[in-house]
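Peer 1: This structure is in structure tokens; I'll ask about it shortly.
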Amino acid sequence: MITLKDYQVRVLDSLRTFFHLCSTGQPPAEAFEEVQRQNGQPYAAAYASVNVAGLTYGMPYVCLRVPTGGGKTLLACHAAGSAMVELQHAERAVILWLVPSNTILDQTADALRDERHPYRRALEQACGAVEVVTIEEALRLSRAMVEGQTVVIVATIQAFRAEDTTGRKVYGQGNFLEHLLNVPADRVGDLLPGPDGKPLPSLVNMLRLRRPIVVVDEAHNARTELSFATLGNVLPSCIIEFTATPARGSNVLHRVSAAELNAAEMVKLPLRVVTRLPGQADQLLAEAVTLRGDLEKLAAAEAQATGEYVRPIMLIQADRVDACEPLRDRLVAEFGIPAEQIKISVGSKDDLAAAGDVSLPKCPVRFILTVQKLREGWDCPFAYVLCSLKETRSATAMEQIVGRVLRLPRAGKKQHAGLNCAYVFSVSPQIGEVLQELRDALESNGFTKTEAERGVAIEQPFTPLLGLQQKTVAVVPAEIDAAATRIQVAAMGGKVRFNEEKGEITVLVPLDAAEKEKLTGCLTSPAARARVAEAVEAVREAETAFGGRSATRQPSPYEQQLDFRVPRLGVREEAGVFEFESTHLIEHPWRLSQKDASLPAAYDPRIRPAGQTGSLNVGLKGEVTAEIGDAANCDFVTTLHQQVLSLGLPGGWELEDVIAWLDRRIDHQDIPVGESAEFLRKAISGLMARLGITDVGVLVLDRFRLRDEIESKIQEHRAGERLAVFQQFLLPGSALTVSEEQTIDFRTMTYEPSETYSGGFQFKKHYFGPRPGELRERTPAGATTEEFACAQYIDSLPEVKFWVRNLARKATSFRLLTSTDWFYPDFVCQLHDGRVLAVEYKGKNAYTNVDSQEKRAVGAVWAARSGGRCRFVMPTDGNFAEIAAVARSPQ
């Protein structure tokens, strides 16, 4: 089983919360907004419903934006289970998994069928017993197969278009008569009729009856009106899109950034770029071949140190298809590369197909020749080097190949830094042209514009293993006037670093002509002056290639590697100081079995919400009965629940079965199993006695709502216990402390925003540069956001040395604990006097609620226990002067 990365957990939490809110009666638009608010992004685009037949207003439809290399297929496996349990309230489902092509279809189906594959294991973990079929196999599905486990149908969207050959089979009469036996009367109208007016026994009608969960891979390829009409034909219960590049109008519920992928060690970044003039293509090829060989030596050393096998592969983009075979012959003849190590993948000639699994040690492949793109779906993390010999620039051709070199083998950083980057060699008269092309390629693979700019590094030729984005030049004492260099570097205010002990000059940001002249003037050797001048020019080109200003600028505090240490709130114990976190609130034993287990008087499992299909009930003999209700008083999810339940009520349940089912479905890691089972028994017994229920089948029918009610009751008791302990910790004399034993340093942390600020205002003091993370300048209505105004005010305060936009729900952010959850202050500031100031802005409507009161309380305790090192303030209603008052206060 693959362990989910932190960002993947956040994606699935967002989706699970969205479906849960929808299932409790919130319209999708409101659930969408609530998830955005919880994720600290309250000003994301509004939810847009799709008005197509079959896709009604209340149908949940969301998109998850995950860049290339982020694990979309793995996420989709878990997402399908969330939809089944949280939205459909079902034990099994039909999942329609749509992919963009037949090649991807075969690969996806093979992976989901392979019981040893991590995708299959994830699917089973999320959905239970699973049967995976292609569209052709789905045409022969039996009713027993569909009702016995979750069925995943992998298909292309084209297969559901009536004009397609397969589509005609999908809509035509098939072997589905048994599926339509005993169809509830209220469902007949949902089925497409045949020539005789009766429901046609077709695959589409089986799907319409089962209300499939639709998963759309590479959803940007399925955004046409025709595609939506096609999806509407199967009457989905929901649509979950996965794509790196959402189309306009997609309801992006959660965005994963390239920064998050990099922090999770999923991708090779940055892309390190070497260019040569068109007449130097042979030299460029030789340099790229040499680099790949150097990487393989590093890989061998890595294997000896860690046991991980990596075989770096080089992708060579030839100028024409007919140039591939001569190029292969040259590689053999001139570079001594064995022919079996070279494969060609162009058009109908695809040597990769016969190469097998390229990741296996026995596979000899080290070079792949192509022109426009590699075989569709070919994803091998061993691809490290891209060498483009094409003189005709084509962003499309580049974007199709760049994604191949992004994935980091085994999703983990290597000990040798050279194995953590990807490398691009390109023929071009101008470096800027190549960089622009690569930026476009990264954006097409799901990077934002800012991420694309930061994801590319320029390198000079002849650099086999490449260094940092900042340019460092090595000098020896004979080449430099050290005293003059110290004076000039100090005068430049952090734009250049001089490590006299190591003999290194590092250029951090672009220098103007005068600064460049002063710096090079400190060098006594013409060769050293040339090297430093070259480094200065490379940094300037990197800054300006993407539209940056050519003028010099002040480096950010992070670029200068200034410490930004923030003490955490800790608990002093015998073994030391530990961060104050949730386990401290539930370490004491508490007896759930002795708590009140009575459920709300308003809850009655015999009375279910009415939807378009009317109401379901259990008769005297335990049979499910349905009555058609008033279509004018219905909602999508209520109707969906009734339709799903009408297709099969589990039989043979006893009271203990209900208790065991609830015990599995309710999270209670802090409660012993015996305690939880006793509480569940009390809750159910009390409910049945109060309402006079004697048939446990009534509870089985309503088990998901029953779960929610009991879970809410348990959470009420848990919250009470946590609050009591939390309040004890806030009292004077408690074990809470603030000390140097528990701190974070933003200098060593990974800043991983889901999105970055893209407005016109230039922040001057933000620790990570002028583009803070997760900060919106405008609301969808066009008004200035209060958080943005607060950030502007902080940036202008003379007492503030630098500050950071603190990211919500990221392990690398500063956080404080409340009785219910982690609290991430909006801004953390380093003051000139050495103190740290945390700022949490609250809108006027939220300032007085219980959550805000707890945040103010724990913030005040954090400040009080710091011995004057830390300050906390929560301004509201635009009163930013409170921030200045606290920053200037000596206490």
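The values are calculated or read from the model by the stated rules, or taken from the named source; none is laboratory data. Owing to the predicted nature of the structure, the values given are computational and were not obtained by experimental measurement. Cβ: placed from backbone, ideal geometry, glycine included. Neighbour counts: every protein chain shown. Ligands, DNA and RNA are excluded from the accessible area calculation, which covers all protein heavy atoms including side chains. Shrake-Rupley method; radii C 1.70, N 1.55, O 1.52, S 1.80 Å.
Peer 1: When the accessible area of the chain is computed with all protein chains present and a 1.4 Å probe, what percentage of it is carbon and sulfur?
Peer 2: Working: 18620 of 37070 Å².
Heavy-atom surface of the chain belonging to carbon and sulfur, 1.4 Å probe: 50 percent.
Peer 1: Then there is this: Which whole-number percent gives the relative contact order of the chain, counting Cα pairs below 8 Å spaced six or more residues apart?
Peer 2: Normalised by residue count, the contact order of the chain is 10 percent.
Peer 1: Would you mind telling me the antiparallel percentage of the DSSP bridges in the chain, rounded to 5?
Peer 2: Values: 41 of 100 bridges.
About 40 percent, rounded to the nearest 5.
Peer 1: Filter K449/K810; K268/K373; K362/K390; K764/K810; K72/K373 down to the pairs with a C-alpha to C-alpha distance above 29 Å, please. If you can, show how the numbers build up before the last one.
Peer 2: Details: K449/K810 22 Å; K268/K373 20 Å; K362/K390 32 Å; K764/K810 24 Å; K72/K373 21 Å.
Violating the 29 Å limit, Cα to Cα: K362/K390.
Peer 1: Same structure again: For the chain, what is the mean residue ellipticity at 222 nm derived from helices alone (per DSSP H run of n ≥ 4: -39500 (n - 2.57); sum divided by total residues; nearest 500 deg cm²/dmol)?
Peer 2: On the way: 29 runs with 320 residues, N = 891.
Taking each H run of at least 4 residues, the total per residue is -11000 deg cm²/dmol.
Peer 1: Does anyone have the angle between helix 673-691 and the longest principal axis of the chain? Alpha-carbon axes, 0 to 90°, nearest 10?
Peer 2: Relative to the chain, helix 673-691 is tipped by roughly 40 degrees.
Peer 1: Restricting to the stretch 71-216, what percent of DSSP beta bridges are antiparallel, rounded to 5? It would help to have the intermediate numbers written out before the result.
Peer 2: Values: 1 of 16 bridges.
If we restrict to bridges inside the stretch 71-216, about 5 percent are antiparallel.
Peer 1: Follow-up. Relative to the Cα centre, what is the charge dipole magnitude of the chain, using +1 at the beta carbon of each Lys and Arg, -1 at the beta carbon of each Asp and Glu, and rounding to the nearest 20 debye?
Peer 2: Working: 100 positive and 113 negative charges, 193 e Å.
Value, rounded to 20: 920 debye.
Peer 1: If you don't mind, there's one more thing I want to ask. Using a 10 Å cut-off on Cβ atoms, rank the peptides 347-357, 143-153 from the highest mean neighbour count down.
Peer 2: Numbers: 347-357: 12.2, 143-153: 18.2.
With the highest mean Cβ count within 10 Å placed first, the list reads 143-153, 347-357.
Peer 1: Sticking with this one: Check the straight Cα-Cα distances from K349 and name the aspartates and glutamates below 12 Å, setting aside those fewer than 8 residues away within the same chain.
Peer 2: Filter leaves D322, E325.
Peer 1: Still on this structure, I have one more. Which FRET efficiency value, to the nearest 0.05, do you get for R37 and Q283 by plugging their Cβ-Cβ distance into 1/(1 + (r/R0)^6) with R0 = 60 Å? Could you put the intermediate results ahead of the total?
Peer 2: On the way: r = 56 Å, r/R0 = 0.93.
Given R0 = 60 Å and the Cβ-Cβ separation, E is 0.60.
Peer 1: Modelling each spin label as a point 7 Å along the Cα-to-Cβ direction, I'd like the A482/E115 distance in nm, to one decimal.
Peer 2: Placing both labels 7 Å along Cα→Cβ, they lie 6.9 nm apart.
Peer 1: Something else now. Extending each Cα 7 Å along its Cβ direction at I607 and T779, get the distance between those two points in nm, one decimal.
Peer 2: 3.8 nm
Peer 1: Round to the nearest 0.05 the FRET efficiency obtained for R665 and Q554 when R0 = 51 Å and r is the Cβ-Cβ distance. Before the final figure, lay out the partial values.
Peer 2: On the way: r = 55 Å, r/R0 = 1.08.
Efficiency, rounded to the nearest 0.05: 0.40.
Peer 1: Spin-label point model (7 Å from Cα, Cβ direction): what's the Q372 to S712 distance in nm?
Peer 2: Simple spin-label model gives 5.7 nm for this pair.
Peer 1: Report ³J(HN,Hα) in whole Hz for each residue of the stretch 67-76, in order, from the Karplus equation J = 6.51 cos²θ - 1.76 cosθ + 1.60 where θ = phi - 60°; Gly and Pro get x.
Peer 2: x, 3, x, x, x, 4, 5, 4, 4, 5
Peer 1: Same structure, new question: Return, ordered by residue number, the residues of the stretch 741-759 whose backbone nitrogen is under 14 Å from a label point located 7 Å along Cα→Cβ of E504.
Peer 2: Output list for this probe position: empty.
Peer 1: Also, I was wondering about something else. Sort 76-85, 660-669 for me by packing, meaning the mean count of neighbouring Cβ atoms within 10 Å per residue, highest on top.
Peer 2: On the way: 76-85: 24.4, 660-669: 14.3.
The peptides rank, most packed first, as 76-85, 660-669.
Peer 1: Return one whole number: the accessible area per residue of the chain in Å², for a 1.4 Å probe. Each step should come with its number before you reach the end.
Peer 2: On the way: 37070 Å² over 891 residues.
Solvent-accessible surface per residue comes out at 42 Å².
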